[in-house]
Amino acid sequence: MRPYIPLGAYLALMALAFALPEYSKQIASIAFYMALGQAVNIFVGLTRYVNFGYAAFLGIGAYGLGAAILYMPQLGIATIPIGLALGMGLAALLALTVGAIALRLRGAYFAIATIGLNEGIKHLIIGANIWGGGAGLMLGSSMFKVYGRDLALFLANVGSAALILLTGLISVLAMYFIQAGRAGYALAAIRQDEDAAKVMGINPTRYKLLAFVTSAVLSGLLGAAFFSLGNMQVFPENVFFIDYILDGLAVMFLGGAGTVTGPIVGGLIYYGARYLVGIYLPGLQSLITSLIVFLVMLFLPNGIVGTLNRRSEGLRTWLP
Amino acid sequence: MDVIPYFLSGLILGSIYGLTTLGLSLIFGVLRVVNVAHGSFVMLGAYAAYFAFILWAWPPFATALLAFAIGALLGYLVYIGVIKPLNKAGELNVLVALFALGALIAEIARLLWGPDFVGYRWNIGSVEVAGLQIDISKLAGAVLALAIALSLDLLLRRTYFGRSIRAVVQDPVGAMVVGINVDRVFAASAAIGIAITTVGGVFLTLFIPVGINPYMGGPYTLIGFVIAVLGGLGSLLGAYTAGLLLGVIESLGFYAFSVAGFAEPSEMALFLEFALLLLVLLFKPTGLFKL
C-alpha cells in the first residue's frame, strides 16, 4: 500500500485553507466528514466490529479543550496543546475502560455496550452538572480574552480547519502503521476468524483495544478541533449527537470500510450530497443520511473505493 | 418510609420495561441479531397509542392489538428486507443497516408528525396502595404486561410452533434436518419480536403523559439493552424479571439522586443504567438469571 495520494489530498487541502482563509470554514466542514470517517475506520474497518458510541469520543475531546480554555485562561496560548492533550487523554481513558470490559466479548455485546456509551456520558455530564451541565461551555469571550481577537478568529477559522485535516492525515498514517506491522496481521486474522486467531496465539482483545483506543483518541482530537476551536462552544446536546454516528458510518461505508482513500472520497460525496439536500430539501438531511447508510449497506457494502479496489491491483496499490 | 412508593412505582414501570424487552430478547435468542432499531419501534407504538386515543378515543389496551398487527408486519418486512439478505455478509452489516433503519424511521416520524412532544392522559381513576396513589391504568398495564410475558413463555414451551423455535435456537441445521422450516421460524420470530416491542411502546405511554416524540427511542434502546443483558441475552422470562429489577433500580436511583441534591436526578438515573450495563458486562455477561 502506498498512501501518497490520500496523504497528499490532506496536505493539499491544508495548503488551501492557509492560502484562502475566507474559504476555511467550508474546507473545515468537508474535512470534518473526511476525518470523521477516517477515525471511525481505524476501528470499524480494521476489526469489523461496530462502534455506535463514538460521538461520545468527539464530545469528550471537545470538552477537554473547552475546559482548558475556560478554566485555565492564565496559561495563554498553551491552553491549546494542553487542552488537546486533555481531550485526547480523556477519550483514551474512556475507550480503555469500555474496551477493556466489552472487547473481551463478541460483536453483539460490544455493540450493545457502545450504543449506550453516547447517551450514558451525556446523561452524566448533564445530570451531575459537570462542565456547565446542560448549559454547556461558551468559549467565545474567553478565547478573545486569552488569545486576542485576531488570533482567536484565526484559530477558529484556519486553525480549526488545519487541525481537522491534520486529524485525517494522522488517521491515514495510523491506519498505515497499524496495518504494516505485527498488529496488522493479527487484526487481519481476527477479522477472518477470531477463534482460529486465538488458537494461533493471538490475543484478540489486545489488538482490538489498540484499534479502538487509536480511533477514540483521534475522534477526541477531531471533536476538540471542530467544536471547541471551530465553533467556540460545546453543548452536550450538540456534541453527543447521534447524527455524527450516522455521518461517520455514511462516509466510511460510502467510500469503503477498511480503505484509507475511502473516507476522503466518501467525505467529498457525502458533503456534496448534504449541501444539495440542504438547498433543495431543507430539513431532510438526517433522513437522507440514514437512507444513504441503509442503501449502501444493502447494495454497495464494500463502498466505492472498496469495490474499485477489487477490480485491479494498481488501484489497490495507489488508492489503498 | 418514603422509599416504598418509589419501590412500587418502579416495579409497575419495570413490568412495562420487561414487556418492551421481550421482543429484543426473542429476536436475539432466535436470530442472534441485536435489534439496534429497538427504540424506534417503541416510538411507533407510542404514536399509535396517541393517535388512536386522540382521533378515535381508543383506550390504549385496544390500540395494543392494532400495534401488534403493525409491528408484526414491520418485523416481517425487516426480516425479509434487511436481516435475511445481509446475514451472510456478516454481523457488522446487519447491525449498521438496522441502526440506519432505526434512524430512518425516527426521521420519517418527524416528517409526518413533527418534532414536538405530544401525549395524552387516560384517566380511569386511581387506587391507594401503601400510601401511594396509583393510576388504575398503570396498574392494569403492569398486570397485562405480566400476562403477555407469561403467555409468550407458554407459547414457546407448550406449542408446536414454540418447540420449533426452541429447536432452531439449539441447532438450526439439526432443526432443518428434522423438517422445520427455519426461514419461517426466523421470520415469525422477527415479526413477533417487533410486534411485542411496538405493544410495549403503547403501554409505555401510560407512564409518559407528555413524552411522545420521534426521537424518544434513544433512551429506551439503552434501557432495553441493559435489561436484555441483565436478564441474559435471549432469555424471555429473564428479560421480564430484569425489567422489574431495572424499573426498581431506576426509581430508587432517582429517589437517591434527588435526596443527594442532584439538579437532574432523572439524567443521573439513566447514567446509572449505563454504568450498570458495563458492570454486568464486566462481571456476568451471561446475565443474572437462569430462566
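The values are calculated or read from the model by the stated rules, or taken from the named source; none is laboratory data. In this text the structure is predicted, and so the values were computed from the model without any measurement. A quick note on method: Cβ atoms are made from the backbone with ideal geometry, for glycine too, and the neighbour counts reach across all protein chains shown. Just the protein is used for accessible areas: all its heavy atoms, side chains included, with ligands, DNA and RNA removed. Shrake-Rupley method; radii C 1.70, N 1.55, O 1.52, S 1.80 Å.
Taking each residue of B:30-38 in turn, how many C-beta atoms of other protein chains fall within 10 Å of its C-beta, and what is the average?
On the way: counts 0, 0, 2, 1, 8, 0, 6, 0, 1.
Mean number of neighbouring Cβ atoms from other chains: 2.
In segment B:267-284, what residues drop by 50 Å² or more in accessible surface going from the chain by itself to the full protein assembly, probe 1.4 Å?
B:E267, B:F271, B:F274, B:L278, B:L281, B:L282
What longest region of chain A stays clear of trypsin sites (Lys or Arg not before Pro) that DSSP places outside H, G, I, E and B and that have at most 12 other Cβ atoms within 10 Å? Write down the numbers at each step before the final one.
Values: sites that count: A:R310, A:R311.
The answer is A:1-309.
What whole-number distance in Å separates the alpha-carbon centres of segment A:15-59 and segment B:174-194?
42
If you take each beta carbon of peptide A:124-135 and count the beta carbons of other chains within 10 angstrom, what is the mean?
Per residue, the average neighbour count from other chains is 4.
Given a 1.4 angstrom probe, what's the average accessible area per residue across segment A:124-165, in square angstrom?
That works out to 40 Å² for each residue.
Among the lysines, which have Cα under 29 Å from the Cα of B:K138 when same-chain residues fewer than 8 positions away are ignored?
Qualifying lysines at Cα under 29 Å: B:K290.
Over the protein assembly as shown, with every protein chain in place, what whole percent of the accessible area is carbon and sulfur at 1.4 Å, could you tell me?
Numbers: 16210 of 23830 Å².
Ligands and nucleic acids excluded, carbon and sulfur give 68 percent.
From the square roots a ≥ b ≥ c of the eigenvalues of the alpha-carbon gyration tensor of segment B:1-79, which class results: rounded (a/c under 1.5), prolate (a/b over b/c), or oblate?
Since a/c reaches 1.5 but b/c is at least a/b, the shape of segment B:1-79 is classed as oblate.
What number, in percent, do you get for the relative contact order of segment A:4-241 if the mean sequence gap of Cα pairs under 8 Å and at least 6 apart is divided by its residue count?
40
Taking the Cα atoms of the protein assembly as shown, what is the range of coordinates along each of the three principal axes, in descending order and whole Å?
Rounded to whole Å, the extents work out to 70, 59, 50 Å.
Interface A/B, total buried accessible area with a 1.4 Å probe, nearest 100 Å²?
Using a 1.4 Å probe on protein heavy atoms, the buried area is about 3800 Å².
What does the structure give for A:292-305 when I average, per residue, the other chain Cβ atoms found within 10 Å of the residue Cβ?
4
Quick check for me: using +1 on Lys/Arg Cβ and -1 on Asp/Glu Cβ, what's the dipole size of segment A:4-241 about its Cα centre, in debye to the nearest 20?
360
What is chain B's relative contact order, in percent, from Cα pairs under 8 angstrom and six or more apart in sequence?
The normalised contact order for chain B reaches 39 percent.
Going by the alpha-carbon gyration tensor, a ≥ b ≥ c the square roots of its eigenvalues, is segment A:4-241 rounded (a/c under 1.5) or, if a/c is not under 1.5, prolate (a/b greater than b/c) versus oblate? List each step's numbers first, then the result.
Working: a/c = 2.51, a/b = 1.46, b/c = 1.71.
Judged from the Cα gyration tensor, segment A:4-241 comes out oblate (a/c at least 1.5, b/c at or above a/b).
Can you list residues from other chains, or at least 5 along the same chain, whose modelled amide H is less than 5 Å from the amide H of B:S126?
HN-HN under 5 Å from B:S126: B:I136.
Taking square-rooted eigenvalues a ≥ b ≥ c of the alpha carbon gyration tensor, is chain B rounded, prolate or oblate, where a/c under 1.5 means rounded and, failing that, a/b exceeding b/c means prolate?
prolate
Using the heavy atoms of the protein chains alone and a 1.4 angstrom probe, what is the accessible area of segment B:46-98 per residue in square angstrom?
46
Going highest first, how would you order B:85-93, A:125-133, B:26-34 by mean Cβ packing within 10 Å?
Result, highest mean first: B:26-34, A:125-133, B:85-93.
Mind pulling the angle between the C-alpha long axis of helix B:265-283 and the longest principal axis of chain B? Nearest 10 degrees, somewhere in 0 to 90.
That works out to roughly 40 degrees.
Round to the nearest 10 and give me the degree value, 0 to 90, for the angle of helix B:182-204's Cα axis relative to the longest principal axis of chain B.
10
Pick out the long, greasy-scoring helices in chain A: whole DSSP H runs spanning 18 Å or more along their own axis by Cα, mean Kyte-Doolittle at least 1.6.
The qualifying helices are A:4-19, A:55-71, A:79-102, A:160-180, A:285-299.
Ranked from highest to lowest mean number of other Cβ atoms within 10 Å per residue, what is the order of the peptides A:279-288, B:71-80? Walk me through the numbers on the way to the answer.
On the way: A:279-288: 13.6, B:71-80: 20.5.
Listed from highest to lowest mean packing, they are B:71-80, A:279-288.
So what are the ³J(HN,Hα) numbers for segment B:165-180, from phi and the Karplus equation (6.51, -1.76, 1.60; θ = phi - 60°), rounded to whole Hz, Gly and Pro as x?
Karplus-based 3J(HN,Hα) across segment B:165-180 equals 4, 5, 5, 5, 4, 5, 6, x, 5, x, 4, 5, 4, 8, x, 8 Hz.
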